[in-house]
Structure formats: structure tokens, C-alpha cells
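In what follows, a single structure is set out as C-alpha cells and then discussed.
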């Protein structure tokens with residue numbers, strides 16, 4: 001049975017300050033709403049630069065409380081105004097010194113549904129994230145939204161298949177993966193991993209990447225945001241690898257049931273044989 005959800009992703013370049021980044025994304029929400037979008041996700045750490053290219057405590061200043069901080073409240077009002085589900089990737093302070101890479105999920109009536117905290121934290125050249133974030137401790141929640149069951153997995157998480165599976169077993173129909181990833185080997189994996197994860201779990205994936213070179217480093221963020229279908233195919237076309245862009249696509253959630261009836265991966269799982277995977 002068809003159940004089409006018009007869904008949006010936005011890839012943006014760093015504008016130079018937090019206030020203008022927030023205003024830019026407000027404009028993108030309005031543009032997506034005018035195109036009929038019902039759900040929208042922003043890129044990782046959307047209102048800031050990707051400051052993890054350096055290690056500097058100055059950037060702790062980008063943290064906010066979630067949901068009680070000003071940005072969550074501001075976009076709750078915007079979600080209610082446009083009747084749109086919003087996923088907001090931000091830098092969260094639970095308390096001083098306890099900081100997370102987090103995405104807040106806002107329902108179409110403006111209500112706060114909860115948050116996901118990035119589980120896997122890299123620490124390699126150009127991605128010094130352990131300096132800024134604790135590993136997430138909220139598991140792999142799936143949020144019952146106005147458009148269906150939505151999950152979030154953030155950037156580096158995508159290299160770990162276990163979380164994708166957990167989201168599927170928790171009922172996700174659409175999983176958004178907001179990211180900040182740069183050219184090189186990652187470009188090949190970007191096209192491979194998220195389409196493969198969509199196919200392996202038979203749900204939709206929204207892959208979002210920022211775009212451009214930022215002043216803090218030489219990482220060249222290559223955009224190419226896209227939606228992947230439960231068959232592992234890109235829906236429509238991927239975004240530009242150079243320019244900011246809004247993508248709006250229709251996702252037929254009915255295809256999930258159709259594909260699961262054909263492939264039956266969940267039926268044929270053997271969790272009784274997988275115990276060794278979780279042993280250190």
C-alpha cells in the first residue's frame with residue numbers, strides 16, 4: 001500500500017557565524033515547506049563550522065542544552081508553523097564537561113520527541129572528535145513522528161553496521177545520517193555504505209553531507225547528499241558535490257513492506273549465532 005512521504009535534505013556551506021547559519025536553515029525550511037516537504041534533516045553540527053578539524057576548547061562555546069536551549073525552541077516553533085518534522089544535529093551540553101554530538105527530533109506539531117547521541121566517535125587527522133564529544137549513551141531510539149518511524153545515525157556511525165540493524169529492529173522506516181565527510185577514500189564509501197545499509201535493512205536512508213572548504217582546515221566537504229531506497233538505490237539524483245543544495249524527494253513507505261516480503265532478511269536472521277560479535 002502506498003504511503004508517500006515528501007522528504008527533504010539540505011547541504012550547506014559555513015557562512016562564518018552561528019546566527020547566519022541558523023537564519024540560512026530557517027530559509028531552507030521555508031523553501032522545503034513550499035515544495036510540500038513533510039520531514040527535513042540538516043547536516044551534522046548544522047549551525048557551526050566543522051570545528052573538529054582542530055582541537056581548541058574555544059569551540060565548546062557552540063554547545064547548547066537540548067531540548068531547553070534556544071535553537072531547539074526556535075525550530076520547534078518553525079516545525080509547528082510549517083507542519084514539518086525536523087531533525088536538528090547540534091552540539092549538546094548535558095552539564096559542563098559532559099558534551100555530545102546530538103540530533104534533536106521535533107514533530108510536525110512542534111513537540112520535542114527526543115534525541116539521538118552519536119555513538120561512535122573518531123579521533124584521526126582532521127576529525128578530532130574525542131576532544132569534543134563523549135560517546136552517546138541513549139542507544140538507537142526510533143521516534144514515532146507524524147510521517148512515520150524515524151531514526152538517526154550520525155556521520156562516523158555509518159561505518160558500523162550494528163547500529164543500522166538496531167534501528168531497523170526498533171522499527172525505523174527512514175533513518176537520517178547527517179554528516180561532515182571529506183574527499184578521498186570517504187567519497188567511495190559514501191556511495192557504498194549508506195545504499196548498502198538501506199538494502200540490508202530494507203528501509204530508507206537520508207544521507208546528508210556539508211559542502212565546501214572551511215577556514216579551520218583543508219577538509220573538502222563534498223556534499224552529494226541523497227536518499228537511498230529499501231532496495232539500495234538512490235532516489236532521484238544525488239546533490240551537487242560543490243554547491244549548497246536542497247533535495248526534496250517522495251519516499252513511498254509502502255515499498256518497505258514490499259521489499260521485506262521479497263527479501264525476508266529479518267525473517268532469516270540468526271541472532272543466536274552472533275554472540276561473538278559483541279565480545280571484546
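The values are calculated or read from the model by the stated rules, or taken from the named source; none is laboratory data. Because the structure is a prediction, the values reported are computed rather than measured. For neighbour counting, all protein chains shown are included, and Cβ atoms are generated from backbone atoms with ideal geometry for every residue, glycine included.
Identify, by number, the condition in (1) closer than 24 Å to residue 229 by Cα; (2) assigned to a helix (DSSP H, G or I); (3) touching a strand residue (DSSP E or B) at 6+ places or on another chain (Cβ under 8 Å) that residue 130 doesn't meet.
(1)
Of these, 218, 250, which one is in a strand (DSSP E or B) and more than 16 Å from the chain's Cα centre (by Cα)?
250 is the lone residue from the list that is in a strand (DSSP E or B) and more than 16 Å from the chain's Cα centre (by Cα).
Which one of 111, 119, 61 is within 22 Å of residue 141 (Cα to Cα), at pLDDT 95 or above and exposed (fewer than 15 other Cβ atoms within 10 Å of the Cβ)?
111
Taking residue 140 as meeting all but one of (1) surrounded by 22 or more Cβ atoms within 10 Å (Cβ to Cβ); (2) modelled with pLDDT under 95, write down the number of the exception.
With (1) surrounded by 22 or more Cβ atoms within 10 Å (Cβ to Cβ); (2) modelled with pLDDT under 95 applied to residue 140, the lone miss is (2).
Listed residues 232, 236; which is in contact with a helix residue (DSSP H, G or I) (Cβ under 6 Å, 6 or more places away or on another chain), farther than 15 Å from residue 176 by Cβ and either without any contact (Cβ under 8 Å) to a residue 60 or more places away in the chain or not in a strand (DSSP E or B) (or both)?
Details: 236 fails: in contact with a helix residue (DSSP H, G or I) (Cβ under 6 Å, 6 or more places away or on another chain).
Just a single option satisfies the conditions, and that option is 232.
The conditions are (1) outside any strand (DSSP E or B); (2) surrounded by 23 or more Cβ atoms within 10 Å (Cβ to Cβ), and residue 208 fails exactly one of them. Which is it?
Unmet condition: (1).
Within the range 109-127, work out how many residues are under 16 Å from residue 149 (Cα atoms) and not in a strand (DSSP E or B).
Here is the first cut: in the range 109-127, the residues under 16 Å from residue 149 (Cα atoms) are 109, 111-116.
From what's left, not in a strand (DSSP E or B): 109, 111.
Adding up the residues that qualify gives 2.
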